[in-house]
Amino acid sequence: MADTYIKGTAIITPVGLHTAQTCASVRSGIMRFAQLPWKDKKYDPFVMATLPDGCLPLIDTEEKECIPFGDRGLRMLRLVGALQEELAPIVPEQEIPLVVGLAQNDKLSIEVTEGYLRQMAAVSKINIDQSLSRLIAKGRASGILAIIEAMKILESGSARAVLAGGCDTYKDPELLGALDVETRLKSETNRDGFIPGEGAGLLLLTNHPPQKSQGATGYRITATATGFEPGHIHSKAPYRGKGLSQTFKSLFKDFTQKIGTVYSTMNGESYWGKEWGVASIRYKDHFAEDHGFEHPADCYGDLGGAAGPVMTALAMGGLANNYNKAPVLIYASSDDGERAAIIIDNVQS
């Protein structure tokens, strides 16, 4: 696999309106959780990490029939639109493919996919290559799956650069109600749950290394892998920890360096801790003894499909400021079984 280089990032989370602010907030351990006006089954308010409405642009669209997830999908558009300022200096003027990971949705039609991508491009002021753009609606792993798909586009020679990432939000009363029925949300009476969040993140990827004249440290993706867990949260099959273990097996097949730092989509539910425990024990020889382990959902909640790209930007910030040890493994696990992982490292121009 040819190396892919990350030339720029644009992210927004409940603890930061751009990359630098989010990195600093997570590094400082700042948390932004608040009560929503909606109530759970015990008539207690839902707790969530959210962005103030005033921080998101208003969207006036004539293609509402091409917005999946209803009002939730409209808020995702607003999250992507909020990336416009940070994207402006890094995105080329010419057409560029856009690959975005979303929440789980197995029923996206071609018309909805194309319409939603057009609207994402419009709100973020991106001139997209529609023919090469994609939506990947596979849940929490989607953002990393989008990065891997973007790398395939680059490797094919169809484009010189690709924007890849994800966006998601749990700020939807119907979704929160369904999670509450499943007893998945953290509360005073349920410690084995998670706090939902929202966010968006896009990375500018290219297969061209930094120019030596620039004299700066860049970042490259050196390995990728995907897998599937048959015993996922919504499955009746027994959980045996196959999904993440198979992903790591593939990831480490041709990668011999010891991992210095791990970023995980662990969100507070014990299921994900068991998954990491199984995989890390099986492949402990691939991790440095003093490797760091980060699960930033503690600060900004579960970002769903946006988690992977946001963690990648956080990992880059840690490498740039020398508080992450290279190389960095970033992995994401979806409720419905998808698993995905990448490894990033420094590259000196």
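The values are calculated or read from the model by the stated rules, or taken from the named source; none is laboratory data. Everything numeric here is computed off the predicted structure, so don't read it as measured data. Here the Cβ is made from the backbone with ideal geometry for all residues, glycine too, and neighbour counts use every protein chain on show. Only protein heavy atoms, including side chains, enter the accessible area calculation; ligands, DNA and RNA are left aside. Shrake-Rupley method; radii C 1.70, N 1.55, O 1.52, S 1.80 Å.
Quick notes
- Of the solvent-accessible surface of region 50-146, computed with a 1.4 Å probe and all protein chains present, 48% belongs to carbon and sulfur.
- Greater than 32 Å apart at Cα, pairs in Lys39/Lys107; Lys41/Lys107; Lys7/Lys253; Lys41/Lys242; Lys64/Lys138; Lys107/Lys253: Lys41/Lys242; Lys107/Lys253
- Residue-wise HN-Hα coupling along region 148-160, computed from phi with Karplus coefficients 6.51, -1.76, 1.60 (Hz; x: Gly, Pro): 5, 5, 4, 5, 5, 5, 5, 5, 6, x, 6, 8, 8
- Euclidean distance of C-alpha centroids, region 94-134 and region 268-338, integer Å: 27
- For the chain: relative contact order, % (alpha-carbon pairs under 8 angstrom, 6 or more apart): 24
- Cα-centre dipole for region 218-343 with unit charges at Cβ (Lys and Arg positive, Asp and Glu negative), debye to 20: 440
- Region 91-216, accessible area per residue, ligands and nucleic acids excluded (1.4 Å, Å²): 43
- For region 57-91 versus region 185-259, the spacing of their alpha-carbon centroids is 25 Å.
- Note: region 48-153, Cα convex hull, 117 Å³ per residue.
- Taking Cβ atoms as reference points and 11 Å as the exclusive limit, the residues near Ala161 contribute a net charge of 0, counting Lys and Arg as +1 and Asp and Glu as -1.
- Region 160-254, Cα convex hull volume normalised per residue, Å³: 185
- Placing +1 on the Cβ of every Lys and Arg and -1 on the Cβ of every Asp and Glu, with no other charges, gives region 242-290 a dipole of roughly 220 debye about its Cα centre.
- Once backbone amide H atoms are built at 1.01 Å from N, Asp302 has Ile195, Gly197 as its partners under 5 Å, excluding neighbours fewer than 5 places away on the same chain.
- Whichever aspartates and glutamates have a C-alpha closer than 18 Å to that of Lys171, once near sequence neighbours (fewer than 8 apart) are set aside: Asp40, Asp44, Asp53, Asp71, Asp180, Glu182, Glu198, Asp298, Asp302, Asp335
- Full-extension gain in nm, Leu58 to Lys236, via 0.36 nm per residue minus C-alpha separation: 59.9 nm
- For region 246-304, the relative contact order is 50 percent, taking Cα pairs closer than 8 Å that sit 6 or more residues apart in sequence and dividing their mean separation by the residue count.
- Apportionment of accessible area to carbon and sulfur, region 160-293, percent (1.4 Å): 50
- Calculated on C-alpha atoms, the gyration radius of region 251-349 divided by its Kirkwood radius gives an Rg/Rh of 0.94.
- Taken over the alpha carbons of the chain as equal point scatterers, the Debye sum produces base-10 log I(q)/I(0) values at 0.06, 0.09, 0.11, 0.14 Å⁻¹ of -0.19, -0.44, -0.67, -1.13.
- Net +/- balance of residues flanking Val91 in space, Cβ distance below 15 Å, scoring K and R +1, D and E -1: -2
- Phi-derived couplings, Karplus 6.51 cos²θ - 1.76 cosθ + 1.60 at θ = phi - 60°, listed residue by residue for region 130-136: 4, 5, 9, 7, 9, 10, 10 Hz, with x used for Gly and Pro.
- For region 217-319, with +1 on Lys and Arg beta carbons and -1 on Asp and Glu, the positive-most of Thr247, Met316, Gly277 along the dipole: Thr247
- Over region 94-171, the alpha carbon radius of gyration divided by the compact-protein estimate 2.2 N^0.38 Å works out to 1.03.
- Simple Cβ-charge dipole of the chain, Lys/Arg +1 and Asp/Glu -1, about Cα centre, in debye nearest 20: 860
- Here the scattering of region 232-299 is modelled by Debye summation over its C-alpha atoms, one equal scatterer each and no solvent; at q = 0.11, 0.12, 0.13, 0.18 Å⁻¹ the log10 of I(q)/I(0) is -0.29, -0.34, -0.40, -0.75.
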